[in-house]
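The values are calculated or read from the model by the stated rules, or taken from the named source; none is laboratory data. This is a predicted model, so every value here is computed, not measured. Virtual Cβ from ideal backbone geometry, glycine too; neighbours counted across all protein chains shown.
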Ligand SMILES: *[C@@H]1O[C@H](CO)[C@@H](O)[C@H](O)[C@H]1NC(C)=O
């Protein structure tokens, strides 16, 4: 069974595609033929999105190249869980189904995609790949922090520009509806955008006599996307289930005793399937064929992962580095060895 992502028609808050890097590159390559052609061939865009796409082909190209980074961050965060942010090759509807259901997982996917888009566009901006933006012009002159005064210098990441674009692009789809699903999606899109801003770091270079740091030049730089991924993963764990309020203008927590979710929290309104078996209706691809850990007691244990269906064990040979020796100075030389390991995979049916 193949769980590698491949041609997964996905969403971008719509039903656009999470494409493999292979499909990805050829597909986005079309972009150089003209933004009109490219934008007219992205499935599932609403008019406003198509318009933004045509106006900003370079931003769209950056997004196309960045998509696989935030898919893999999502997959990293859920690697040892039944739902692993993945879907089967060639089935274009499964993930779409999941996202039709406003589950906790859908909330995470919306947030990480929105965050990923901000991150990707900010990076593209700093690298001068976009026509419409460059380093943050607000970061000029002098400032002060706990270590004293410094000069703004270099290229501060212009995250606000990326946030604006991401907001108008991703929210455009949700703004067409005014139901609870749309409100929940808008909320999670915003939580994702805000998450990136949390991990901006002041980076500085010291000047002055023999690096005494009496003079500093600083700039704001985005942190590694892993930080945002870890943060949103914690927000997923603490996500709040909501219902529409009685005026239909917003939502409130299902459990009254819980406080109202903040703008940073993830929200959802439908229960998740258990993701044990293939179920087209709920958007579950099942855990048949997934690797599990026989000695673990957590979510990746064979017990939990295989939902009690049991597992198959096969012995596979894998290449490892062995007999590594340190050579002065400074190299490590190893031999290539073969190692036999047992791999456990969940049965599809008991
Ligand atoms: C399986 O789980 C155990 C206990 O949590 C852990 O020590 C071990 O590294 C895991 N093995 C693999 C292959 O992940």
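Any residue in segment 193-201 that is in contact with a strand residue (DSSP E or B) (Cβ under 8 Å, 6 or more places away or on another chain), in the same structural domain as residue 74 (by TED's automatic domain parsing), farther than 21 Å from residue 108 by Cβ and free of Cβ contacts under 8 Å to residues at least 40 places away in the same chain? Within segment 193-201, one or more residues are in contact with a strand residue (DSSP E or B) (Cβ under 8 Å, 6 or more places away or on another chain), in the same structural domain as residue 74 (by TED's automatic domain parsing), farther than 21 Å from residue 108 by Cβ and free of Cβ contacts under 8 Å to residues at least 40 places away in the same chain. Taken as a whole, the structure leaves residue 182 outside the set of residues that are in contact (Cβ under 8 Å) with a residue 24 or more places away in the chain and in the same structural domain as residue 124 (by TED's automatic domain parsing). Would you confirm, using the coordinates I've provided, whether residue 272 is outside the structural domain of residue 114 (by TED's automatic domain parsing) and within 21 Å of the chain's Cα centre (by Cα)? In short, no.
Evaluation of residue 340 against the conditions (1) under 19 Å from residue 80 (Cβ atoms); (2) more than 27 Å from the chain's Cα centre (by Cα); (3) in contact (Cβ under 8 Å) with a residue 24 or more places away in the chain shows that the sole unmet condition is (1). Of the set (1) away from the ligand (no atom under 16 Å from the Cβ); (2) touching a residue at least 12 places away in the same chain (Cβ under 8 Å), all apply to residue 320 but (1).
When 264, 188, 245, 237 are screened for being surrounded by fewer than 17 Cβ atoms within 10 Å (Cβ to Cβ) and closer than 30 Å to residue 286 by Cβ, only 237 passes.
Annotation: residue 300 fulfils all but one of (1) within 15 Å of residue 350 (Cα to Cα); (2) buried (at least 16 other Cβ atoms within 10 Å of the Cβ); the unmet one is (1). Of the residues in segment 216-239, not one is within 16 Å of the ligand (Cβ to nearest atom) and more than 17 Å from residue 105 (Cα to Cα). For segment 103-134, a tally of residues being in contact with a helix residue (DSSP H, G or I) (Cβ under 8 Å, 6 or more places away or on another chain), surrounded by 14 or more Cβ atoms within 10 Å (Cβ to Cβ), in contact (Cβ under 8 Å) with a residue 40 or more places away in the chain and outside any helix (DSSP H, G or I) returns 2.
Here is the figure for segment 292-313: residues that are within 14 Å of the ligand (Cβ to nearest atom) and either assigned to a loop (DSSP other than H, G, I, E, B) or in contact (Cβ under 8 Å) with a residue 24 or more places away in the chain (or both) total 14.
Under the condition of being more than 24 Å from residue 185 (Cα to Cα), surrounded by fewer than 20 Cβ atoms within 10 Å (Cβ to Cβ) and modelled with pLDDT of 50 or more, the residues counted in segment 11-56 number 8. Candidates in segment 279-291 are the residues that are surrounded by 15 or more Cβ atoms within 10 Å (Cβ to Cβ), farther than 18 Å from residue 344 by Cα and in contact (Cβ under 8 Å) with a residue 24 or more places away in the chain; of these, the one that is nearest to the ligand (Cβ to nearest atom) is 285.
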